[in-house]
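Structure first, commentary second.
The values are calculated or read from the model by the stated rules, or taken from the named source; none is laboratory data. Keep in mind it's a predicted model, so treat the numbers as computed, not measured. Heads up, the Cβs are rebuilt from the backbone with ideal geometry, glycines too, and the neighbour counts pull from every protein chain shown.
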Amino acid sequence: MKRLIAGAAVLACFSAASMAEEAIKLPVSFNADGTVNRPLNHRQWVNVGTTLIPQGEINIIDNLPIPTSEYIDTYVEPMAFAIYMATGTWPNGTQIVKEFTATKQADAGEVLTESHYNGLAMLVKDVQRFPTETGHLGYFNFGHHAEPYEATSKLLPREQCSACHEALASDQQYIFGDHHIGLARQQN
Ligand code: HEC
């Protein structure tokens, strides 16, 4: 109960959208060389939805066709999730990952079951660290392969990641909120 009240108070403070962007700074684990550390508990973040990518489609990390269909699970760091749901604005320090999961070969009509986790990509919103990047978003990846994933990632070039988010999601802060059922907000 105490936690609930504290959470509500925090959210009440940040109910104005502009406040969410400027006043808050959620902690993100960066290193002195500018690389970011892979979050160690991302599967305990809020899973906002799953997308199925058919076999043969291109994976955005390595630009190669995928040998089996892959599920993509999207997880949002819980404080960023709470603030976004309350305000509609992604706060400074937002972290979102998408994790790829390979599937077992299945014939048409068969159930598509998962075989193993197979890669992790991340975006971070950081107004101070990425003053000129579109949407103040930095894009990272920790490999497209079975675990273990890389422990750190350097910032990826704009052409590889941001360009597509800019082209397709400019009306939603460059984050595909409308793809994820768990990010649907009540319109007031
Ligand atoms: C060809 C277009 C395209 C490229 C290139 C691309 N993305 Fe995305 N990205 C998308 C789409 C579409 C979604 C929504 C996916 C879904 O429905 O699950 C997405 C979702 C994401 C998400 C989850 C948050 C969100 O916006 O839904 C992250 C994190 C992400 N991408 C990171 C990356 C990274 C890192 C790269 C570069 C390695 C990258 N993206 C390159 C199109 C792209």
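The single condition among (1) in a strand (DSSP E or B); (2) touching a helix residue (DSSP H, G or I) at 6+ places or on another chain (Cβ under 8 Å) that G135 does not meet is (1).
Against the definition (assigned to a loop (DSSP other than H, G, I, E, B), aliphatic (A, V, I, L, M) and surrounded by 11 or more Cβ atoms within 10 Å (Cβ to Cβ)), how does L120 come out, yes or no? No, not satisfied.
Answer yes if at least one residue in region 104-116 is in contact (Cβ under 8 Å) with a residue 60 or more places away in the chain and either within 10 Å of the ligand (Cβ to nearest atom) or in a helix (DSSP H, G or I) (or both), and no otherwise. Write out each step before concluding.
Of all residues in region 104-116, those in contact (Cβ under 8 Å) with a residue 60 or more places away in the chain come to 112.
Now drop any that are not either within 10 Å of the ligand (Cβ to nearest atom) or in a helix (DSSP H, G or I) (or both), which leaves none.
Looking through region 104-116, none of the residues is in contact (Cβ under 8 Å) with a residue 60 or more places away in the chain and either within 10 Å of the ligand (Cβ to nearest atom) or in a helix (DSSP H, G or I) (or both).
For region 138-152, the criterion of being within 13 Å of the ligand (Cβ to nearest atom), over 26 Å from A102 (Cβ atoms) and not hydroxyl-bearing (S, T, Y) is met by at least one residue. Just for region 153-185: of the residues that are within 8 Å of the ligand (Cβ to nearest atom) and not in a helix (DSSP H, G or I), which one is nearest to G143 (Cα to Cα)? Result: L156.
Scanning region 24-80 for residues that are exposed (fewer than 15 other Cβ atoms within 10 Å of the Cβ) and among the basic types (K, R), we see that the one that is modelled with the lowest pLDDT is K25. Pairing each residue of region 133-159 that is free of Cβ contacts under 8 Å to residues at least 40 places away in the same chain with any residue that is within 9 Å of the ligand (Cβ to nearest atom) and assigned to a loop (DSSP other than H, G, I, E, B), provided the two are 6+ apart or on different chains, yields C-beta distances under 8 Å for L137/Y174; L137/I175; Y139/L156; Y139/Q160; Y139/C161.
Any residue at all in region 96-118 that is among the polar types (S, T, N, Q) and farther than 28 Å from A184 by Cβ? Before the answer, list the steps.
Quick first cut of region 96-118, residues among the polar types (S, T, N, Q) only: 101, 103, 105, 113, 115, 118.
From the residues that got through so far, the ones that are farther than 28 Å from A184 by Cβ too are 105, 115.
The answer is yes; a qualifying residue exists.
Scan region 66-103 for residues that are on the phi > 0 side of the Ramachandran plot and within 11 Å of the ligand (Cβ to nearest atom) and the total you get is 0. From the list F142, F176, the lone residue that is touching a Leu at 6+ places or on another chain (Cβ under 7 Å) and not polar (S, T, N, Q) is F142. Residues of region 165-182 that are surrounded by 13 or more Cβ atoms within 10 Å (Cβ to Cβ) and out of contact with any Phe, Trp or Tyr (no Cβ under 7 Å at 6 or more places or on another chain): Q172, Y174, F176, G177, H179, H180, G182. Contact map, region 75-92: residues that are among the hydroxyl-bearing types (S, T, Y) and in a helix (DSSP H, G or I) paired with residues that are at pLDDT 95 or above and crowded, with 23+ Cβ neighbours inside 10 Å, Cβ distance under 9 Å, separation 6+ or inter-chain. Pairs shown: Y84/V76; Y84/W90; Y84/P91; Y84/T94.
Which one of I58, I53 is free of Cβ contacts under 8 Å to residues at least 60 places away in the same chain, within 15 Å of H180 (Cα to Cα) and out of contact with any helix residue (DSSP H, G or I) (no Cβ under 9 Å at 6 or more places or on another chain)? Spell out how you get there, then give the answer.
Numbers: I58 fails: within 15 Å of H180 (Cα to Cα).
None of the others qualify; the one that does is I53.
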